[in-house]
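The structure appears right after this line, and notes come after that.
The values are calculated or read from the model by the stated rules, or taken from the named source; none is laboratory data. Quantities reported herein were computed from a predicted structural model and do not represent experimental measurements. Here the Cβ positions follow ideal geometry from the backbone for every residue, glycine too, while neighbour counts run over all protein chains shown.
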Amino acid sequence: MNHAKLRELVMLALCAPLIIAGKFVLEPVPNVEIVTFFIILFTTQFGWRTLFPVAIFVLEEGLRYGFAPHWYIFYCVIWPLLVVLTMLAKPICKESAIAWAIFSSVIFVPIFSMTNVLLLKTFRLLGRDFSIIAYLIPEIPYDIAHIVGNFAVTLALFKPLYRVLERLLSKGNDPIAD
């Protein structure tokens, strides 16, 4: 295995711990999270291989909080879905921090919220006839905080961390001569 491939493999292996640590550090701040940002950032650099650290993150969350279907299935759906959506958005957003900030907030947060409500309705309220609207309305202030948080985090961190990853992955930055 050449050094560039080895470096990429090691960096990919570090993605899951970064996602996990980022989530843990920001847990006390309501509806501000860095998981979405990291998954978008890693997908722009590693493509479909980002599904591996995402799977590790989802498994770790299940081990930490339990595998209750009403939230665990949501994680098993939403985070890989973010990789798929990011791959679809890559040709449009390219390296634009503002485009990724809009994607992570205005596009992804409503998908996140609707998926969560639909899965909660399916798994928690199976058999009851409640309107989804009754679950969406109280979520609006939290979704707004989530949108603002995702937008700010992505806008502030995307460009510098994208460049760092790009430099670390480039062959010209190889400290060990091939």
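Take the conditions in a helix (DSSP H, G or I), surrounded by 17 or more Cβ atoms within 10 Å (Cβ to Cβ) and modelled with pLDDT of 95 or more and apply them to Val109. Does it pass? In short, yes. I'm checking my understanding of the structure. Among residues of the range 1-48 that are polar (S, T, N, Q) and over 13 Å from the mean Cα position of the chain (by Cα), which one is farthest from Lys159 (Cα to Cα)? Of everything passing the filter in the range 1-48, Asn2 is farthest from Lys159 (Cα to Cα).
Consider Leu168 carefully, then state whether it is loosely packed, with under 15 Cβ neighbours inside 10 Å, in a loop (DSSP other than H, G, I, E, B) and at pLDDT below 95. The answer is no for Leu168. Counting only helices (runs of 4 or more DSSP H) that fall entirely inside the range 1-81 and contain at least 2 residues that are surrounded by 15 or more Cβ atoms within 10 Å (Cβ to Cβ), among the basic types (Lys, Arg) and touching a residue at least 12 places away in the same chain (Cβ under 8 Å), the qualifying elements are 3-26.
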